[in-house]
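First up is the structure itself, then whatever we jot down about it.
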Amino acid sequence: MRTATTTDPQDRLRAADTIRHAAEAVLFLLVAVAPWPFASVEPEWRYALLIGVGLLTLLWFAHAAVSRRLAYRADAVSVGLLGLILFTAVQTVPLPEAVVRVISPTAVEWHHAFRPAVGELLPGEGDDAPPRAASLPLSLDPAKTRDLLVSFVAVFLVYAVARNLVATRGSFRRLAWVAFANGVLLSLLALMQFFSSPGDTVYWSVVTRGQVFGPFVCKNHYPYYLSLCVGLGIGLLLDGWDRQDRELDVYAESAGGFGGRVRAAADRLRSPQSVALLGGLGLMLASIPFSLSRGGVLALFAAGGLAVVVGQLAARRAAKSGGTRPPSGAGIVVVTLVAAVAGLGAWFGWGVVEKRLDSVWQGQAVGDRLPIWRDLWASVGRFPLVGTGGGTLPHVEAMTRVRPESRSIVYDHAHSDYLEALIEGGVVRLGLSLLVAGGAVWIAAAGYVRHRRRGGSPLLLGAAFGLADVAVHSGGDFGLFIPAVALFAAVVAGFASRTADDLDAVNGKSAAPPTGEATAGRVRRRVRKGEHRGRVAAQGREPALTGWAAPAAVAFAVLAAGVLVREGWRAREVARWQNQARYDAGDFGNPDRMDLAAYDVESAALLRPDDAGLWNDYAAAKAAAALDRAGRPAAAAAGPWATALV
């Protein structure tokens with residue numbers, strides 16, 4: 001009996017550890033694979049990512065069931081994401097007209113202006129027309145808002161799994177190596193493709209409608225992903241230097257001056273790992289200007305400036321805590337890295353980059369976006385508090401556009417995540433979005449400042465660099481709507497938050513910086529002991545699963561995973577039917593082509609019966625089919641839908 005009681009907890013711990021490693025493998029696979037199939041923007045690849053997120057969710061709660069402890073801690077990022085989920089869900093719920101009139105009066109005004117007092121009846125449907133609904137949702141298009149809600153839920157679950165299950169300081173280093181290797185491969189592909197392929201072609205064979213870079217259909221989204229890879233690569237480099245200092249006991253006093261810095265820099269470059277990391281970082285940094293993304297270059301400089309400020313604050317705090325350190329040689333190494341980047345750029349040829357970036361120095365970096373932003377700003381005053389609903393920006397932009405452009409041109413995004421949040425969700429969603437973005441950067445940066453000399457802390461500085469780049473770049477583009485970018489950013493933020501939390505939990509004495517008398521062995525033992533105490537302290541603050549909580553948590557996991565997979569499948573099927581409609585409408589040798597296309601669009605609409613846009617397309621398809629049978633030009637008479645198809 002004693003053997004059973006003593007081995008059962010051990011078996012459970014081994015099983016829980018196996019589940020955690022499985023979740024780590026799945027998470028790293030998603031991060032590494034997501035950018036390669038066109039950044040996973042196509043519905044079939046987004047569906048694959050949602051399957052992965054569903055699997056991660058099930059593993060998280062399987063771990064909780066086995067270990068009998070639910071690992072979850074709230075922070076600014078998780079609170080912000082949960083707020084976005086709750087608020088977006090509320091936007092889809094029909095509310096009494098009197099309530100909506102108070103919080104969104106323009107929505108009620110449009111409800112009366114665009115919906116008749118009684119519904120339309122077709123011949124044979126009777127005489128009792130349904131009256132206009134007395135309740136309405138805050139969203140102008142609830143179906144699109146639910147799509148955004150699914151994305152918010154997926155991002156939250158990825159962050160929660162990374163933050164509460166997968167992240168440790170060891171797994172953070174493994175994630176950094178995965179990101180670094182992936183970034184180098186992406187840079188190689190992007191540069192080779194840039195110099196040997198047309199600017200609108202991905203993988204030398206897939207022609208798109210825009211300017212591409214690497215596997216990203218839009219060149220502006222490449223720097224989003226690469227900046228996170230660069231940041232984690234910087235963290236690996238600095239972490240390796242810290243380990244080298246501890247092993248060589250360089251916390252003792254030594255000579256300073258320029259000669260000391262040169263010797264220290266030479267010591268850094270003796271390490272093959274440092275040389276490999278510097279080479280990879282140079283390649284990645286050189287590739288970003290060649291993406292011709294002006295916002296990406298500006299965000300890179302902004303993130304670099306933040307990293308320098310954070311590093312200086314951390315150095316001052318460490319100096320106040322006592323102990324002396326020799327010159328690190330980091331400045332000389334950085335100068336060498338910049339020179340290498342400049343050399344690579346000169347070898348590739350800076351001409352095309354200089355021509356593109358000239359507009360930045362002339363103050364025209366956002367010139368092509370200003371007309372869109374100016375038109376969209378008019379809608380902010382109409383929906384200031386709760387916005388127009390997630391995913392409704394194309395409708396709003398078409399109604400507020402005053403530029404002399406064709407109405408067949410549709411803008412899916414505002415080219416500014418923050419402006420889009422303000423339009424679609426008012427000040428509520430904007431505040432929550434700023435909480436998520438600012439909270440992620442603050443947690444990583446503040447964690448590094450507090451724990452500058454503790455093992456694994458340089459990865460926090462790298463995470464702060466990458467997350468700051470994403471946050472700044474989002475002011476002038478919509479990269480966070482790209483699945484590969486949103487997934488990676490959520491993972492990095494989750495790892496940074498957990499690492500900062502674990503370092504906070506480490507006992508101050510065990511984590512104190514070593515002095516000149518400490519040996520390398522003593523330092524390593526103290527760091528390991530501090531990490532163990534941090535994990536135990538953090539686990540002690542996590543809520544345990546008892547009573548009804550365990551089956552409720554498992555039920556939630558199954559439900560969340562099922563909803564994500566179902567919505568991903570439905571979006572993929574809708575896209576498949578729409579593509580089939582385009583194919584059938586273009587088959588001019590088939591006399592029934594427009595009838596087939598109408599059937600295809602109807603099949604897509606039946607999968608999403610509350611999607612008004614699909615039913616509008618179906619009506620246009622039926623009209624085009626009738627005109628086609630009458631021998632009239634269907635495309636010219638049936639509107640933008642038929643025009644796009646044929």
Whichever residue in the range 559-611 is assigned to a loop (DSSP other than H, G, I, E, B) and touching a residue at least 60 places away in the same chain (Cβ under 8 Å) and, among such residues, is most open to solvent (accessible area, probe 1.4 Å)
ASP610
Check on TRP36, aromatic (Phe, Trp, Tyr) and within 26 Å of GLY439 (Cβ to Cβ):
no
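Report whether or not ASP417 is at pLDDT 90 or above and either within 20 Å of ASN164 (Cα to Cα) or out of contact with any Cys (no Cβ under 7 Å at 6 or more places or on another chain) (or both).
Details: at pLDDT 90 or above: yes; either within 20 Å of ASN164 (Cα to Cα) or out of contact with any Cys (no Cβ under 7 Å at 6 or more places or on another chain) (or both): yes.
Considered against the rule, which asks whether it is at pLDDT 90 or above and either within 20 Å of ASN164 (Cα to Cα) or out of contact with any Cys (no Cβ under 7 Å at 6 or more places or on another chain) (or both), ASP417 comes out as yes.
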Starting from the range 445-474, take each residue that is open to solvent by 10 Å² or more (accessible area, probe 1.4 Å) and list its partners that are of a type in the set (Lys, Arg), counting only C-beta distances under 8 angstrom and pairs at least six apart or across chains.
VAL449/ARG317; ARG450/ARG317; ARG452/ARG317
Every residue from the range 195-213 that is closer than 26 Å to ASP417 by Cβ and either in a helix (DSSP H, G or I) or without any contact (Cβ under 8 Å) to a residue 60 or more places away in the chain (or both)
GLY199, ASP200, THR208, ARG209, GLY210, VAL212
Looking at ALA286, ALA302, ALA307 in this structure, which one is under 20 Å from VAL472 (Cα atoms), surrounded by fewer than 18 Cβ atoms within 10 Å (Cβ to Cβ) and modelled with pLDDT of 85 or more?
ALA302
With the checklist (1) closer than 22 Å to ALA444 by Cβ; (2) modelled with pLDDT under 85 in hand, flag the one item ARG325 doesn't pass.
(1)
Going by the conditions given, is VAL217 in contact with a Pro (Cβ under 7 Å, 6 or more places away or on another chain), modelled with pLDDT of 90 or more and either surrounded by fewer than 24 Cβ atoms within 10 Å (Cβ to Cβ) or over 30 Å from ALA74 (Cα atoms) (or both)?
no
In the range 78-96, what residues are farther than 24 Å from ILE19 by Cβ, assigned to a helix (DSSP H, G or I) and open to solvent by less than 40 Å² (accessible area, probe 1.4 Å)?
GLY80, GLY83, LEU84, ILE85, PHE87, THR88, ALA89, GLN91
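When you look at ARG68, is it of a type outside the set (Gly, Ala, Ser), at positive phi and out of contact with any helix residue (DSSP H, G or I) (no Cβ under 7 Å at 6 or more places or on another chain), yes or no?
The answer is yes for ARG68.
Across the range 152-172, what is the number of residues that are of a type in the set (Gly, Ala, Ser) and open to solvent by 20 Å² or more (accessible area, probe 1.4 Å)?
1
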Among the residues of the range 60-72, what is the count of those that are open to solvent by less than 30 Å² (accessible area, probe 1.4 Å) and of a type in the set (A, V, I, L, M)?
2
Subset of the range 202-214 (residues that are open to solvent by less than 20 Å² (accessible area, probe 1.4 Å) and in contact with a strand residue (DSSP E or B) (Cβ under 7 Å, 6 or more places away or on another chain)):
VAL212
Of those in the range 383-399 that are assigned to a loop (DSSP other than H, G, I, E, B) and of a type in the set (A, V, I, L, M, F, W, C), the residue surrounded by the most Cβ atoms within 10 Å (Cβ to Cβ) is PHE383
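Could you tell me whether any residue of the range 115-138 is surrounded by fewer than 17 Cβ atoms within 10 Å (Cβ to Cβ), in a helix (DSSP H, G or I) and among the aliphatic types (A, V, I, L, M)?
No.
The values are calculated or read from the model by the stated rules, or taken from the named source; none is laboratory data. Since this is a predicted model, take the numbers as computed values, not measurements. As a convention, Cβ positions derive from the backbone with ideal geometry for all residues, glycine included, and neighbour counts pool all protein chains shown. The accessibility values were calculated without ligands, DNA or RNA, using every heavy atom of the protein model including side chains. Shrake-Rupley method; radii C 1.70, N 1.55, O 1.52, S 1.80 Å.
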